[in-house]
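Notes follow the structure.
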Amino acid sequence: MGESSTVGKVYLVGAGPGDPGLLTVRGKTLLECADVVLYDALISPEIFRLINPNAELIHVGKRRGNHSLNQEEIIQLLIDQAQEHAIVVRLKGGDPFIFGRGGEELIALTQAKVPVEVVPGVTSGIAVPAKLNIPLTHRELSSSVLLVTGHEGAGKYQPDVNWEAVAHAADTIVIYMGLHNLSQIRQALLTAGRDPNTPMALIQAGTQPEEKIIITTLGAEFEGLENTKKPTLIVIGEVINIRELCQSLI
Ligand SMILES: C[S@@+](CC[C@H](N)C(=O)[O-])C[C@H]1O[C@@H](n2cnc3c(N)ncnc32)[C@H](O)[C@@H]1O
């Protein structure tokens, strides 16, 4: 990866979970004045409408089994763009550092002497349950939260999650990218001794117009979401009952 005589700066910007109202002020300002935006697959159309109409848009997104560019190519593209443009925005869903490979990009850009700034976003694992009246902690129900990836593909993120340890590590468990492996994950948590009656929420396309939520329990069968390509979060824990309680009070 060559070093650069950089004219610009790369901004690793978190777009939040989809609703443009959840983008940070700093993120919005940068989108409005960006020269070029390299974006992921999960960016919502409403966020796109905020981007400078004269900016060049480059899709570098990844979805399961469908990578338009590999990570090295994305990093090289960021370095190249920073040699031509003043404001290069690398736009990622949620927060760039939560299962977003932002850390790898930060290291590679810094190694290449490209100025870089991280603009945090609201991660989907926190924003999406919150918008659905699911507080991840609660004084009586949950003193701890664990964010974990359910994606165990070769060479991706953090394989070899110790689900037995996860089962007992926190009152509330939030699983990103877990839908594809959900039956194995549930089995592992149950085998480790997590109560089958623990509430479980599956939330698809949270904060977006096509949002869908299914509430079940860890041990129960359910239907309706298994084959979706839409982003889905899994939340496990007693705090889900707060949503149900609030609905019964309306
Ligand atoms: C590659 S990870 C990126 C996470 C992102 N950096 C963040 O902080 O939210 C993609 C996963 O995030 C979750 N996700 C992202 N946006 C979501 C949304 N609007 N609704 C539900 N889950 C979402 C899903 O589990 C999805 O498979």
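The values are calculated or read from the model by the stated rules, or taken from the named source; none is laboratory data. Everything numeric in this text was worked out from a predicted model, so none of it was measured. Note that we place each Cβ from the backbone using ideal geometry, even for glycine, and neighbour counts take in every protein chain shown. Note: accessible area is taken over every heavy atom of the protein model, side chains too, but ligands, DNA and RNA are not part of it. Shrake-Rupley method; radii C 1.70, N 1.55, O 1.52, S 1.80 Å.
Number of residues in segment 157-203 that are open to solvent by 30 Å² or more (accessible area, probe 1.4 Å) and aromatic (F, W, Y) equals 1. Each residue in segment 115-151 was checked for being more than 12 Å from the ligand (Cβ to nearest atom), under 12 Å from G237 (Cβ atoms) and touching a helix residue (DSSP H, G or I) at 6+ places or on another chain (Cβ under 9 Å), and 8 of them qualify.
Each row is one residue, and each column tells you yes or no for (1) surrounded by 14 or more Cβ atoms within 10 Å (Cβ to Cβ); (2) aromatic (F, W, Y); (3) assigned to a loop (DSSP other than H, G, I, E, B).
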| residue | (1), (2), (3) |
| --- | --- |
| V37 | yes, no, no |
| I47 | yes, no, no |
| N52 | yes, no, yes |
| I58 | yes, no, no |
| E72 | no, no, no |
| I75 | yes, no, no |
| L78 | yes, no, no |
| V88 | yes, no, no |
| L91 | yes, no, no |
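Hey, can you tell me all the residues within segment 187-203 that are more than 10 Å from the ligand (Cβ to nearest atom) and either in a loop (DSSP other than H, G, I, E, B) or touching a strand residue (DSSP E or B) at 6+ places or on another chain (Cβ under 8 Å) (or both)? Full working, then the answer.
If we filter segment 187-203 for residues that are more than 10 Å from the ligand (Cβ to nearest atom), which is where we start, we get 187-201.
Of everything in segment 187-203, those that are more than 10 Å from the ligand (Cβ to nearest atom) and either in a loop (DSSP other than H, G, I, E, B) or touching a strand residue (DSSP E or B) at 6+ places or on another chain (Cβ under 8 Å) (or both) turn out to be L189, A192, G193, R194, D195, P196, N197, T198, P199, M200, A201.
Being in contact with a Ser or Thr (Cβ under 7 Å, 6 or more places away or on another chain) and either more than 10 Å from the ligand (Cβ to nearest atom) or of a type in the set (A, V, I, L, M, F, W, C) (or both) is not true of G206. Given the condition within 19 Å of P231 (Cα to Cα) and touching a residue at least 60 places away in the same chain (Cβ under 8 Å), answer yes or no: does some residue in segment 108-122 qualify? Checked segment 108-122: at least one residue is within 19 Å of P231 (Cα to Cα) and touching a residue at least 60 places away in the same chain (Cβ under 8 Å). Looking across segment 93-114, the residues that are within 15 Å of the ligand (Cβ to nearest atom), in a loop (DSSP other than H, G, I, E, B) and open to solvent by 10 Å² or more (accessible area, probe 1.4 Å) come down to G93, D95, F97, I98, F99, G100, R101.
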